[in-house]
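Remarks on the structure that follows.
Nothing in this text is a laboratory measurement; each read-out follows from the coordinates by a stated rule. Because the structure is predicted, anything quoted here is derived from the model rather than measured. Because the Cβ atoms are built from the backbone with ideal geometry, glycine has one as well, and the counts that use them run over all protein chains shown.
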Amino acid sequence: MTFKAALSQEHAELDRLAVRLLEILRTESAPPEDFSTVRWRMTHVLTVHLAKEDKHLYPVLLRSPDIVTRELATTFSREMGGLAEAYRSHTMRWPLEKVRADWAGYQVEAWRIMMTLRQRIRREESQLYVRLRAA
């Protein structure tokens, strides 16, 4: 499997997990049993994925002879830092006890994060990963 294929496979898993979390967020009462498992898996896969991008993807793209590729990599890298920090802050702010105590508040914030993450995945696949060939 190529590096790009592995990253895309991780994107597919992250998207599936985000969809499941969005389904969970539609429930009116406190989170169902699988909530903690899904959220833990999302955090794990995302953390590993971001580390791979930081260590392997961005350095390759930033050394590309193609200026558009380098500029895109710079932009995406900066943006991802913000999203990664927002996700980390979100998970720290919402331990399970707080999620149960303020389900409505959690739903609003988690919905926004999941939608932002899904949009980011689509953008990386369509704009950034295709640049690996130019790098």
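Evaluating 6.51 cos²θ - 1.76 cosθ + 1.60 at θ = phi - 60° for every residue in region 71-79, the Karplus couplings come out as 5, 4, 4, 4, 4, 5, 4, 5, 4 Hz, glycine and proline recorded as x. At full extension, ALA84 and ARG118 could sit 10.9 nm farther apart than now, given 0.36 nm per residue minus the alpha carbon distance. Please determine, in degrees from 0 to 90 and to the nearest 10, the orientation of helix 103-123 with respect to the longest principal axis defined by the Cα atoms of the chain, where the helix direction is its Cα long axis. It works out to around 20 degrees. Reducing region 77-135 and region 34-53 to their Cα centroids gives an inter-centroid distance of 11 Å.
Radius of gyration over Kirkwood radius for region 1-50, both on Cα atoms: the Rg/Rh ratio is 1.08. For the chain, the ratio of Cα radius of gyration to the globular rule of thumb 2.2 N^0.38 Å stands at 1.14. In order along region 28-35, the phi-based Karplus estimate (6.51 cos²θ - 1.76 cosθ + 1.60, θ = phi - 60°) of 3J(HN,Hα) comes to 7, 9, 3, x, x, 4, 7, 3 Hz; Gly and Pro are listed as x.
Counting other C-beta atoms within 10 Å, which of HIS56, HIS11 has the fewest, and how do the rest follow?
HIS56, HIS11
Using +1 at the Cβ of each Lys and Arg and -1 at the Cβ of each Asp and Glu in the chain, identify which of VAL45, VAL130, TRP103 lies farthest towards the dipole's positive end. It is VAL130, whose Cα lies furthest towards the positive end.
Using the Karplus relation 6.51 cos²θ - 1.76 cosθ + 1.60 with θ = phi - 60°, the per-residue 3J(HN,Hα) values for region 61-68 come to 5, 6, 9, 4, x, 8, 5, 4 Hz, with x marking Gly and Pro. Okay, which of region 50-71 sit inside 19 Å, backbone N to the point 7 Å along the Cα-Cβ direction of ARG16? Counting only backbone N, you get 50. The amide H of ALA30, built 1.01 Å from its N in the peptide plane, has no neighbour under 5 Å, considering only residues 5 or more places off or on other chains. For the chain, the dipole from Cβ point charges (+1 on Lys and Arg, -1 on Asp and Glu) about the Cα centre works out to 320 debye, to the nearest 20. Placing unit charges on the Cβ atoms of the charged side chains and taking the dipole of region 1-69 about its Cα centre, the candidate lying farthest along the positive direction among LEU57, SER8, LEU21 is LEU57. The label point for MET92 and the one for THR74, both projected 7 Å from the Cα toward the Cβ, are 2.9 nm apart.
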